[in-house]
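First up is the structure itself, then whatever we jot down about it.
The values are calculated or read from the model by the stated rules, or taken from the named source; none is laboratory data. Remember, it's a predicted structure, so these values are computed and weren't measured experimentally. Using ideal geometry, Cβ is built from the backbone for each residue, glycine included, and neighbour counts are taken over all protein chains shown. These accessible areas exclude ligands, DNA and RNA; they are computed on the full protein's heavy atoms, side chains included. Shrake-Rupley method; radii C 1.70, N 1.55, O 1.52, S 1.80 Å.
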Amino acid sequence: SLWFQREFSLGSKKRGCHKVTDEIVSNLPEIQQYKMGLLNIHIKHTSASIVLNECWDSDVRVDMEMMLNKLVPQGLPYKHSCEGPDDMPAHVKAALLGSSVTIPISDGQLNMGTWQGIWLCEHRDRA
């Protein structure tokens, strides 16, 4: 088939930015059949983001979480607060980073830069 669509869930993550490239690829074995194509990943979550970024040094993900918390702090007088103090900041962070990425497929593999990978950024405190 020229097109396919699959919905799957990623494992639960704590607050922060997590490398999920391998988890995504393992849920999409069909990628190997494509010589050329596009993979569009969309997250159906209003307080998390999916992004493409540096994956070689895990400190980058830690620093990103620190910067997001500085840019969008908890404790401001947000009107939407009924779901807890981290909920509205999480929505803002999700809007800033986005809910989808598109990655080229070349010769059955994701065609990313040497250091790139896919991150799931969870913006709320989850168990």
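Taken over region 71-84, the residue count meeting the criterion of being surrounded by 11 or more Cβ atoms within 10 Å (Cβ to Cβ), over 18 Å from CYS121 (Cα atoms) and in contact with a helix residue (DSSP H, G or I) (Cβ under 6 Å, 6 or more places away or on another chain) is 1. Pairs meeting the criteria (first residue in region 96-121 and open to solvent by 50 Å² or more (accessible area, probe 1.4 Å), second residue among the aromatic types (Phe, Trp, Tyr), beta carbons under 7 Å, at least 6 apart or on different chains) are TRP115/TRP56. For region 80-120, the tally of residues that are farther than 30 Å from LYS35 by Cβ and in contact with a Leu (Cβ under 6 Å, 6 or more places away or on another chain) stands at 1.
Residue-by-condition table, conditions (1) surrounded by 12 or more Cβ atoms within 10 Å (Cβ to Cβ); (2) not in a helix (DSSP H, G or I):
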| residue | (1), (2) |
| --- | --- |
| TRP3 | no, yes |
| CYS17 | yes, yes |
| GLN32 | no, no |
| LYS44 | no, yes |
| ASN69 | yes, no |
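Every condition in (1) among the charged types (D, E, K, R); (2) surrounded by 14 or more Cβ atoms within 10 Å (Cβ to Cβ); (3) touching a residue at least 60 places away in the same chain (Cβ under 8 Å) is met by ASP87 except one, and the failing one is (3). Taking the criterion of being in contact with a helix residue (DSSP H, G or I) (Cβ under 8 Å, 6 or more places away or on another chain) and without any contact (Cβ under 8 Å) to a residue 60 or more places away in the chain, the only residue of region 54-68 that qualifies is LEU68. Scanning region 46-67 for residues that are surrounded by 13 or more Cβ atoms within 10 Å (Cβ to Cβ) and either in a helix (DSSP H, G or I) or of a type outside the set (Ser, Thr, Tyr) (or both) turns up ALA48, ILE50, VAL51, LEU52, ASN53, GLU54, CYS55, VAL60, ARG61, ASP63, MET64, GLU65. Tallying residues that are part of a loop (DSSP other than H, G, I, E, B) and of a type in the set (Asp, Glu) within region 71-106 yields 2.
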